[in-house]
Each structure stands twice: as structure tokens, then as C-alpha cells.
1. Please give the net charge around Gly181, taking every other residue with its beta carbon less than 14 angstrom from that of Gly181, where Lys and Arg add +1 and Asp and Glu add -1.
2. So what's segment 241-332 giving for Rg/Rh, alpha carbon basis, Kirkwood Rh from the mean inverse pair distance?
3. Given a 1.4 Å probe and every protein chain left where it sits, what share in percent of the accessible area of the chain is carbon and sulfur?
4. Checking the cross-link filter: which lysines have an alpha carbon closer than 17 Å to that of Lys63, excluding same-chain neighbours under 8 positions apart?
5. Given 10 Å bins starting at zero, what is the percent of C-alpha pairs of segment 147-202 in each, up to the one with the largest pair distance?
6. Compute the Rg to Rh ratio over the chain from the alpha carbon atoms, using the Kirkwood formula for Rh, and round to two decimal places.
7. Tally Lys/Arg at +1 and Asp/Glu at -1 over every other residue whose Cβ is under 14 Å from the Cβ of Pro17; what's the total?
8. Which peptide among 280-290, 317-327 comes first, and what is the full order, when sorted by highest mean count of other Cβ atoms within 10 Å?
Amino acid sequence: MAEIAKLELEGKVYEFPVITGSENEKAIDISNLRGETGYITLDPGFKNTGSTQSAITFLDGEKGILSYRGYSIESLAEKASFLEVSYLLVFGELPTKTQLTKFEKDIRSYSLVNEEMKDIIDGFPKTAHPMGILSSLTSALTAFNPKPVDINNETQVYNAVCKTLSKFLVLASWVHRKREGFPLNYYDNSKGYVENFLRMMFAIPTEEYKVNPVVVDALDKLLVLHADHEQNCSTSTVKIVGSSHAGLFASISAGVSALWGPLHGGANQAVIEMLEEIKADGGDVDKFILKAKDKDDPFRLMGFGHRVYKNFDPRATIIKKAADDVLKELGVKDPILDIAKKLEQVALNDEYFKARNLYPNVDFYSGIIYRALGIPTEMFTVMFAIGRLPGWISQWLEMRANKEPIGRPRQVYVGSTKREFVDISKR
Ligand code: CMC
């Protein structure tokens, strides 16, 4: 028998269906609540609110489980490439060899970005933050691709996916080049996706650029780990913008802005800045733990805590090991890795952090790897954005395919009640 939730209001009992997900998570379907009762729910930060039914990513924050389309993040990080995972997220199945080869080829076919985009990049001061530039450039892509994607046309959807994955990567590298004052590089269609990114980022015309396979592998793995995370802040932003039937580039541009914030993707930059600060201050980890616990101090331990994970973040476990491996393979000794490990140990044994289930999240160790790979700190959140792109695309497509209504929350008004207008001469 179908499960029912009962709600008693003003002496009347209302019934609402209970929805059970494929991993047995339960939700009370309140879509008729206001119509039937006149009441709405109030849930700041949507801590208890499911906005959708999705078949893309499963996350169990209590058990520390994350899977894309049923495949565990551990198996994908170990065995699949970023483009394989992108295909899986967007199209629902792992690609065959033929499908993957075609996907890579089709992505390459869009790798030339309109030269006029360079004029837009030139308009930014060198001091502009990469995420701000990336958000603007992504939005600007609409001007060069004004025709909206017909969501019911498979070929158009496929081409839009390939185009977005291709052009976004080029633009992300151009953001860095602009800041460095280096010429903007082009995609090399004889090379792979991640290798191309490194070339576009670091190759200079005066020297041969040798790609280190260890670096390519590490970066590929990091992108896989960031590829999707169900209804997080930036993905929800992408979807809410897209729910007004705004275009894919405009929606993704908004997602980049949402990701930029230090409570979300911007935390990877903030972690390194925090670790540097601790180092510069003499390395006293306990002092910063005390600051993080002090409610009168706005300081938070960056890279700690998560809205959904209340046990551990499985991505953090994989990244911590990857950080050790990469630093060892590249022969890099980074003193802030020691500070990070010490901080983690102290925090994990501290009552404040234990009681609130605060564990290192994906951003805690990722910056240490990016640093070892030669990526500048201000580009870290751009790296997160490149990784999250297939997640944004797949969630946007799913939302449109499911014909979800425009996202438009309600509110409880607590302002002044009706007042008479007072003329300016009498105020
Ligand atoms: N340092 C110190 N205290 C913290 C921290 C932290 N990093 N995170 C949460 N708390 C405390 C918070 O003060 C509150 O304490 P109390 O109950 O006494 O008022 C309690 O823990 C619950 O925190 P919350 O802010 O209500 O939790 P939330 O689910 O709204 O926030 C979060 C989640 C990720 C925004 C938050 O943990 C945070 O600010 N962390 C630091 C930033 C960070 O690392 N962000 C990256 C998230 S993972 C990558 C991504 O997906 O974006």
C-alpha cells in the first residue's frame, strides 16, 4: 500500500503521498500543499527540501556514499577518464569505445572559439578574478551562438553538449593566459582533452612544452571527482536560471558565479590562503582551531564541513591519497601539506568539530594538488568549474527534459502591514 503522510492543521487532517527513491530515500510530496491548505513550508537554505526527482547522482551524506548513474565515485575515479564520466552523466550510460572516440572527436570539432571573444577578454583588467571573467565569457558565448537548443532534438542536444565542453575549456585557459600576459593558445586536435588544457595553460611560443603524464592523470582524476554533486548551490542556480528557458550558456554562466563563493567552490582557493596564513603566522594550528570555534570570530575552517556529508566526504578521502601520490611522484615537498594534515588531525579529535560532524571536504586537499601541478591559486575555482561542467549540463538537460516548471519559491512576508503614503514634505 502506498505510504501516506498526514498533516493536521486547524483540526483538519490532510494526506500527502510519500515518494521513495531508488536508494530508499523518502520524501513527502507537498506539491498540492498550498492548494489544499493555504499554507506553505518555510525552509531557509532548502535544508529539507527536495527540488526534483533526478536519475543522475546519488549521495548519502550519513554513509559517505557518492555515485554517478549508479557507479561509485571510487570506481570512476580509479578507472574512468573525465570525458567518459561526462558522457555517463549527460547520456546516462558509460560510452562504448566507438561512442567515446566519436565524443572526443566531436568535442574537438568545436574547439575554435570566435576570435572576437579575445576583444571581450581584453576589456578586463589584469587584476580581475578568473571566475568573474569566466562567468562573463560563458555568458558572451550566447552572442556567438544565439540559436536556443531544441531540447527535443537529439542531435542539437548532443552538439550543444560537445560545444559547451569544448569552448568552456578553451576559455578557462584563456582566462589564465590573459592574467599572465601570454598569447592565447589554441586547442591541438591531435591531443587529449586534459592534455590540451595543460598545453593551453602553460605552453609558451619560445619553448617546447612537455606534458607530464603524471600531471595529466592527476588532473583527470580531480575533474572526475568534481563532475557532479546533485542539487548543490551552483547546479541549483544553473537549473533555476534554465527553468525560465534561458539558454544553456546563460545558465552555466550563472553557475560559475554561484561556484565562485568561498562557501562553495571558492573554498579551494580559501583553503590554500588559510594554510598559507597559518604558515606565515608560525604554524600554530591550535590557535586557528580556537578561532574557528569562536562564535564572535567570523573565521571558519575552510575545507571543513558540508551541507550533506555528515560522516565523511568520499571525494576528500580519494583526494588526500592522490595529493600524497602526486607530490611524491613529482618530487614536490610542500610544507602546507604538513600543516593541512596536522589541522585535519586536530579538528577530527576536537569536540566542537565532532559534535557538528565537520569533516574535511573535497576542497581541503584539492588545492594542494593544483599547486603541485603549477596551477595558480586564483585559478583553483576555475578548475572546479571545468570539472563541474558536465554535472551542470546533465542536470540542466534533465530539468528541461522533465518539463520542470519555472523555479519560483514563495516567502513568508514579515514587513510592515498597510501604511498610508506620506508626502516627502511631511517626512
Ligand atoms: N568551521 C567552523 N565551524 C563550522 C564550519 C567550519 N568550516 N562549518 C560549519 N560550522 C559550524 C557552524 O558554525 C554551525 O555551528 P552552530 O551549530 O554552533 O551554529 C554548524 O557547524 C553547522 O554549520 P552550518 O553553517 O549551519 O552548516 P551548513 O550546512 O549551512 O554549511 C558549509 C555547510 C559547507 C557552507 C559550511 O560547513 C562551511 O562554511 N564550510 C567552510 C567552507 C567550505 O569548505 N565549503 C566547501 C564545501 S564542499 C565543496 C562544495 O561542494 O562547494
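1. Values: positive: Lys118, Lys126, Arg177, Lys178, Arg179; negative: Asp122, Glu180.
Local charge sum for Gly181: +3.
2. Result: Rg/Rh = 1.07.
3. Carbon and sulfur together cover 53 percent of it.
4. Output for Lys63: Lys26, Lys310, Lys354.
5. Each 10 Å bin holds this share of Cα pairs: 23, 40, 25, 11, 0.
6. 1.00
7. Details: positive: Lys6, Lys26; negative: Glu3, Glu15, Asp29, Glu36.
So the environment of Pro17 carries a net charge of -2.
8. On the way: 280-290: 13.2, 317-327: 19.5.
Those peptides, ordered most packed to least, come out 317-327, 280-290.
The values are calculated or read from the model by the stated rules, or taken from the named source; none is laboratory data. The model shown is predicted, which means the values in this text are computed figures rather than measured ones. When we count neighbours, we look across all protein chains shown, and the Cβ atoms used for this are built from the backbone with ideal geometry, even at glycine. Calculation scope for accessible area: heavy atoms of the full protein, side chains included, ligands and nucleic acids excluded. Shrake-Rupley method; radii C 1.70, N 1.55, O 1.52, S 1.80 Å.
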